[in-house]
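One structure below.
The values are calculated or read from the model by the stated rules, or taken from the named source; none is laboratory data. Keep in mind that what you see is a predicted model, and the values were worked out from it rather than measured. Reconstructed Cβ throughout: ideal geometry from the backbone, glycine too, with neighbour counts over all protein chains shown.
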Amino acid sequence: MKIGIGSDHGGFELKEYIKEYLKEEGIEYVDYGTNSLDSVDYPDYGLKLSKGVVSGEVDKGIAICGTGIGISITCNKVKGIRCALCSDTYSARMSVEHNNANILALGGRVIGMDLAVEIVSTWLKAQFQGGRHERRINKISNIEG
Ligand code: RB5
């Protein structure tokens, strides 16, 4: 499994922290930037990451901005992306089991770094349950056209 990770300046420090976790776990990743605390625009990084996921360059993505809101809105504009903004492990697990989320969004200025890592760990281990949830996801895809 290869993970894509991207952030703006508001999520940069958490992105670097999560990269250390991924390295420790031996999980391969692609870093779509940003690469410093200099102010940038979160849609640029949400779009790069989302393109990486829909193209299959990476299997799943982690998107981070200050609140997680702007970058999650951005990612959800890209056809094929189901991005879930999570601040707790239950939502993270359910976002995969029920919603088959392919991008996890986090707020770098909202949650602590260690909670974020627990959320990532939970999200990566979760499995989509299919069944009635597949039908509902297909209805979301139909809205995309
Ligand atoms: C940047 O200051 C901030 O607006 C951004 O990181 C994010 O929180 C937007 O939703």
Of the residues in segment 51-69, how many are in contact (Cβ under 8 Å) with a residue 40 or more places away in the chain and more than 23 Å from ARG132 (Cβ to Cβ)? 13
Anything in segment 57-75 that is farther than 21 Å from VAL117 by Cα and either within 13 Å of the ligand (Cβ to nearest atom) or surrounded by 18 or more Cβ atoms within 10 Å (Cβ to Cβ) (or both)? List them, or say none. ILE73, THR74
Scan of segment 1-20 for residues that are buried (at least 19 other Cβ atoms within 10 Å of the Cβ), under 17 Å from THR122 (Cα atoms) and out of contact with any Ser or Thr (no Cβ under 8 Å at 6 or more places or on another chain), ordered by number: ILE3, GLY4, ILE5, ILE18
Considering only residues that are within 14 Å of the ligand (Cβ to nearest atom) and either in contact (Cβ under 8 Å) with a residue 40 or more places away in the chain or of a type outside the set (Gly, Ala, Ser) (or both), look in segment 21-39 and name the one that is surrounded by the most Cβ atoms within 10 Å (Cβ to Cβ). THR34
Members of segment 96-141 that are in a loop (DSSP other than H, G, I, E, B) and in contact (Cβ under 8 Å) with a residue 24 or more places away in the chain: HIS98, ASN99, ASN100, ASN102, GLY108, ARG109, VAL110, ILE111, ALA126, GLN127, PHE128, GLN129
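Every residue, every condition in (1) over 21 Å from ILE137 (Cα atoms); (2) away from the ligand (no atom under 13 Å from the Cβ); (3) at pLDDT 95 or above, yes or no:
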{"position": "SER7", "(1), (2), (3)": "yes, no, yes"}
{"position": "LYS19", "(1), (2), (3)": "yes, yes, yes"}
{"position": "PRO43", "(1), (2), (3)": "yes, no, yes"}
{"position": "SER55", "(1), (2), (3)": "no, yes, yes"}
{"position": "LYS79", "(1), (2), (3)": "no, yes, yes"}
{"position": "ARG82", "(1), (2), (3)": "no, yes, yes"}
{"position": "SER87", "(1), (2), (3)": "yes, yes, yes"}
{"position": "TYR90", "(1), (2), (3)": "no, yes, yes"}
{"position": "ILE103", "(1), (2), (3)": "no, yes, yes"}
